[in-house]
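A.B. asks: Starting off with a structure, shown below.
The values are calculated or read from the model by the stated rules, or taken from the named source; none is laboratory data. Small disclaimer: the values here were computed from a predicted structure and weren't measured. Every residue, glycine as well, gets a Cβ built from its backbone with ideal geometry; the counts of neighbours run over all protein chains shown.
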Amino acid sequence: MQNDHFSRHAQQVLTVTRGQDLAQGPGSDPSIARSWLRCLEDYHLDPALSIAPTVLEHGRLLESRERLQQVLHIAGSEMNSLHQQLSGAGHAVLLTDARGVILNCVTAPSERKIFERAGLWLGADWSEACEGTNGIGTCLVERQSLTIHRDEHFRGRHTGLTCSASPVFDPQGELLAVLDVSSAREAVSRQSQFHTMALVNLSAKMIESCYFLRHFENQWLLRFHLQAESVGLFSEGLLAFDGEGRICAVNQSALNLLAQVRGGLLGQPVEAFFECSLDQLLGRSSANATASWPLRTRDGRHLFAALRGQARSVPAPQAKPQAPRLAGICLGDPVLQNEFRKALRVFERDVPLLINGETGSGKEAFAKAVHQASQRADKAFVALNCAAIPESLIESELFGYRGGSFTGALKEGMRGKLQQADGGTLFLDEIGDMPLALQTRLLRVLEDRLVVPIGGEPQAINVRIISATHRDLLARVASGSFREDLYYRLNGLEIDVPALRERSDKAQLLDFLLADEAPGEVVLLDETARQALLDFAWPGNVRQLRNVLRTLAALSEDGRIRFDDLPSIIRQTRPAVASELLPGLALNDAERVALLEALQHHHWHMTHTAEHLGVSRNTLYRKLRKHGIERSS
């Protein structure tokens, strides 16, 4: 009977994804249809297959909870309150991390077994890639609140559940967690979930706001709204700024109230957006910020605001956060700065980093900069390129060997990269190309903190791992060429290093690299040569730019680089400005056109499109949502 249900559900999924029946049923919702298509094409899941969810080992679950300790503390009381508001019976209130792993669950003790049979365990991975279309996983991909009702789930085994989920974002706009309410009752209708969804949304916003307030409790915090009585409520705008008035973070409500995008606010002076000076603003501050006062924006909007901070008439100067200045890397791009600060923060807690980025974009330089800025700066930074070493040699390179353990081995043996990095950092470049057999051994080393050289005895090591890849590792997990457990062990925090063409600090980077390639010399760029270098597409990214500058600096005889000195490919390439792509086309639209062309070229195969564009699938999906691109476009 159950198998018949699974088969019927699988047939419905296949019918919808083939575009044969979109008028009614679950497939009529575009977000459900998109998700089902992802499950089939990108994750290669079987809707009829009934398997238990992937559950993290206890130690890894504790690590995940430790990373979100503050969020879990804030969310705990809110989850209990939400469970009570839902009359308790028949509901499980869940909180997951940004990967979809369940970190906390509130339900009636008598119903715990019911939800565990449905797969809602602590440590269970409910990402789309593992469990198909579901409230948690689809919310993570779509980055919006949604309800997945019974047959809208991808897997037949989940069609007894109804799940309403809402994302929780951090102050930088990155996904922090997902709050979900799941019900296993048959009588739950789609319409009855409207009330539940509203409560979940409200609770998620409360968690977001509390986390924002806690995160910036030592900064100036401006709270504002259109109505005076709404200042202090969950819908208020929150804007944090430093002692010199530079904006550090904003929440989504603040962006909506100011009609701004996040990138247009961060790092800007707060007085650029409000009709008052910084001194006047700070003069209205108070420790509790309970009373609001009128505040007008530069574009004429009337708001009410309160400023939390130590009241003072003249603000004392405070140190302005500077972009990290480290050898070998330029961090002038705000996005890269933010990624660096996050990376350094978690690296100091022994959380492994996984760096994504196109070939030549500077992943190793980023990793080395994190190491140099950490407390391990005086220890070894050891790099291993998993794609550059023959498969027959990579094992001995990584683990080392005892003398005489095989034919051709050095008599004195060799210390592997893991031993060389003991006390410091091991950088595994192109980790996606590591052979499967070595992946198994590496995972064991990371779990046990012991390395066994070929022919030798186990040796304890203390090493932190940073990995990098230009490949889509989740796609390789799906194809069976990369271990899923190793992927999640290495992916403590995922960092995206932007391609050179996407960086806002290209001019600063150009000067930085030129000075680096001509140490002790003064080499000047003529304006036409400089502009040509800035306009070039740089398919080889930072590595290609560095190589060109190295050659130009070496050939320069009078300390000046002119346009005619540039390689012919740069002199002959016109800048790909938006107006040349289509008449009157904006840069934002140009990216949309490029995405559509790539999608059509690859017949909307997401993995192939992402590889063609040199980005991860997550980045591709984020850009599609940004431009509102759907398959029907």
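A.B. asks: Could you check Thr147 against (1) assigned to a strand (DSSP E or B); (2) within 26 Å of Asn338 (Cβ to Cβ) and say which number it fails?
C.D. replies: Checking Thr147 against (1) assigned to a strand (DSSP E or B); (2) within 26 Å of Asn338 (Cβ to Cβ), the one that fails is (2).
A.B. asks: Can you name every residue in the range 99-140 that is under 24 Å from Ile495 (Cα atoms) and small (Gly, Ala, Ser)?
C.D. replies: Hits for the range 99-140 are Gly100, Gly123, Ala124, Ser127, Ala129, Gly137.
A.B. asks: Regarding Leu226, is this residue touching a strand residue (DSSP E or B) at 6+ places or on another chain (Cβ under 7 Å) and loosely packed, with under 15 Cβ neighbours inside 10 Å? Reasoning before the result, please.
C.D. replies: Working: touching a strand residue (DSSP E or B) at 6+ places or on another chain (Cβ under 7 Å): yes; loosely packed, with under 15 Cβ neighbours inside 10 Å: yes.
Yes, satisfied.
A.B. asks: Considering only residues of the range 174-203 that are among the small types (Gly, Ala, Ser) and at pLDDT below 90, which is surrounded by the most Cβ atoms within 10 Å (Cβ to Cβ)?
C.D. replies: Ala184
A.B. asks: Same structure again: For Ile466, all conditions in the list (1) farther than 26 Å from Ala124 by Cα; (2) of a type in the set (A, V, I, L, M); (3) within 19 Å of the chain's Cα centre (by Cα) hold save one; what is the number of the exception?
C.D. replies: (1)
A.B. asks: Quick test of your reading of the structure: Leu490 fulfils all but one of (1) within 23 Å of Ser361 (Cα to Cα); (2) not assigned by TED's automatic domain parsing to the domain that holds Arg349. Name the failing condition by number.
C.D. replies: Status for Leu490: all satisfied but (2).
A.B. asks: Another one. Checking the structure you have, find out if any residue of the range 219-236 is in contact with a Lys or Arg (Cβ under 9 Å, 6 or more places away or on another chain), under 14 Å from Ala75 (Cβ atoms) and at pLDDT 90 or above.
C.D. replies: No, the range 219-236 contains no residue that is in contact with a Lys or Arg (Cβ under 9 Å, 6 or more places away or on another chain), under 14 Å from Ala75 (Cβ atoms) and at pLDDT 90 or above.
A.B. asks: If we scan the range 323-338, do we find a residue that is within 29 Å of Gly245 (Cα to Cα), in a strand (DSSP E or B), modelled with pLDDT under 90 and touching a helix residue (DSSP H, G or I) at 6+ places or on another chain (Cβ under 8 Å)?
C.D. replies: Taking every residue of the range 323-338 in turn, at least one turns out to be within 29 Å of Gly245 (Cα to Cα), in a strand (DSSP E or B), modelled with pLDDT under 90 and touching a helix residue (DSSP H, G or I) at 6+ places or on another chain (Cβ under 8 Å).
A.B. asks: Among the candidates Gly480, Gly492, which residue alone is in contact with a helix residue (DSSP H, G or I) (Cβ under 9 Å, 6 or more places away or on another chain), at positive phi and not charged (D, E, K, R)?
C.D. replies: Gly480
A.B. asks: Give the residues of the range 48-67 that are of a type in the set (Ser, Thr, Tyr) and either closer than 22 Å to Arg8 by Cβ or in contact with a helix residue (DSSP H, G or I) (Cβ under 9 Å, 6 or more places away or on another chain) (or both), sorted by residue number.
C.D. replies: Answer for the range 48-67, where residues must be of a type in the set (Ser, Thr, Tyr) and either closer than 22 Å to Arg8 by Cβ or in contact with a helix residue (DSSP H, G or I) (Cβ under 9 Å, 6 or more places away or on another chain) (or both): Ser50, Thr54.
A.B. asks: Another question, if that's okay. Need a quick list: helices (runs of 4 or more DSSP H) entirely within the range 417-485 having at least 2 residues that are at pLDDT below 90 and surrounded by fewer than 17 Cβ atoms within 10 Å (Cβ to Cβ).
C.D. replies: Result: 436-448.
A.B. asks: Are any of the residues in the range 558-565 in a helix (DSSP H, G or I), at pLDDT 75 or above, surrounded by 13 or more Cβ atoms within 10 Å (Cβ to Cβ) and not acidic (Asp, Glu)?
C.D. replies: yes
A.B. asks: Restricting attention to the range 545-575, which residues are of a type in the set (A, V, I, L, M, F, W, C) and out of contact with any Phe, Trp or Tyr (no Cβ under 6 Å at 6 or more places or on another chain)? Steps first, please.
C.D. replies: Residues of the range 545-575 that are of a type in the set (A, V, I, L, M, F, W, C), as a first pass: 545, 548-549, 552-555, 561, 563, 566, 569-570.
Listed by number, the residues that qualify are Val548, Leu549, Leu552, Ala553, Ala554, Leu555, Ile561, Phe563, Leu566, Ile569.
A.B. asks: Criterion first (surrounded by 15 or more Cβ atoms within 10 Å (Cβ to Cβ), touching a residue at least 40 places away in the same chain (Cβ under 8 Å) and either within 26 Å of Leu202 (Cβ to Cβ) or in the same structural domain as His302 (by TED's automatic domain parsing) (or both)) does Ala259 satisfy it?
C.D. replies: The answer is no for Ala259.
A.B. asks: Identify the single condition in (1) of a type in the set (Phe, Trp, Tyr); (2) modelled with pLDDT of 90 or more; (3) surrounded by fewer than 22 Cβ atoms within 10 Å (Cβ to Cβ); (4) in the same structural domain as Leu295 (by TED's automatic domain parsing) that Phe169 does not satisfy, given that it satisfies every other one.
C.D. replies: (4)
A.B. asks: Additional query: I'd like the full set of residues that are among the polar types (S, T, N, Q) and more than 24 Å from the chain's Cα centre (by Cα), limited to the range 154-198. Explain how you work it out, then say what you get.
C.D. replies: Keep residues of the range 154-198 that are among the polar types (S, T, N, Q), which gives 159, 162, 164, 166, 172, 182-183, 189, 191-193, 196.
Matches in the range 154-198: Thr159, Thr162, Ser182, Ser183, Ser189, Gln191, Ser192, Gln193, Thr196.
A.B. asks: So if I check each of Leu534, Leu510, Leu545, which one is assigned to a helix (DSSP H, G or I) and surrounded by 20 or more Cβ atoms within 10 Å (Cβ to Cβ)?
C.D. replies: Numbers: Leu534 fails: surrounded by 20 or more Cβ atoms within 10 Å (Cβ to Cβ); Leu510 fails: surrounded by 20 or more Cβ atoms within 10 Å (Cβ to Cβ).
Exactly one residue qualifies, and that residue is Leu545.
A.B. asks: Would you check which residues across the range 605-624 are at pLDDT 75 or above, of a type outside the set (A, V, I, L, M) and assigned to a helix (DSSP H, G or I) and list them?
C.D. replies: Within the range 605-624, Thr607, His608, Thr609, Tyr621, Lys623 meet the criteria.
A.B. asks: Out of all the residues in the range 138-154, is one or more of a type in the set (Phe, Trp, Tyr), in the same structural domain as Leu61 (by TED's automatic domain parsing), crowded, with 24+ Cβ neighbours inside 10 Å and modelled with pLDDT of 95 or more?
C.D. replies: Checked the range 138-154: no residue is of a type in the set (Phe, Trp, Tyr), in the same structural domain as Leu61 (by TED's automatic domain parsing), crowded, with 24+ Cβ neighbours inside 10 Å and modelled with pLDDT of 95 or more.
A.B. asks: Hey, Lys506 hits all of (1) among the charged types (D, E, K, R); (2) in the same structural domain as His371 (by TED's automatic domain parsing); (3) under 30 Å from Leu555 (Cα atoms) but one; which does it fall short on?
C.D. replies: (2)
A.B. asks: Taking the range 50-70 as the search range and keeping residues that are polar (S, T, N, Q) and closer than 15 Å to Leu176 by Cβ, which one is nearest to the chain's Cα centre (by Cα)?
C.D. replies: Ranking the qualifying residues of the range 50-70, first place goes to Ser64.
A.B. asks: Pro519 passes all but one of (1) closer than 29 Å to Leu613 by Cβ; (2) modelled with pLDDT under 90; which number fails?
C.D. replies: Unmet condition: (1).
A.B. asks: Could you tell me which residue of the range 288-315 is surrounded by the fewest Cβ atoms within 10 Å (Cβ to Cβ), considering only residues that are more than 35 Å from the chain's Cα centre (by Cα), under 22 Å from Leu213 (Cβ atoms) and modelled with pLDDT of 75 or more?
C.D. replies: Among those that are more than 35 Å from the chain's Cα centre (by Cα), under 22 Å from Leu213 (Cβ atoms) and modelled with pLDDT of 75 or more, it is Ala291.
A.B. asks: Sticking with this structure for a sec: Within the set of pairs 6+ apart or on separate chains, which have a first residue in the range 194-220 that is of a type in the set (S, T, N, Q), a second that is part of a helix (DSSP H, G or I), and C-beta atoms under 6 Å apart?
C.D. replies: Listed by first residue and then by second, the contacts come to Ser203/Glu78; Ser203/Leu82.
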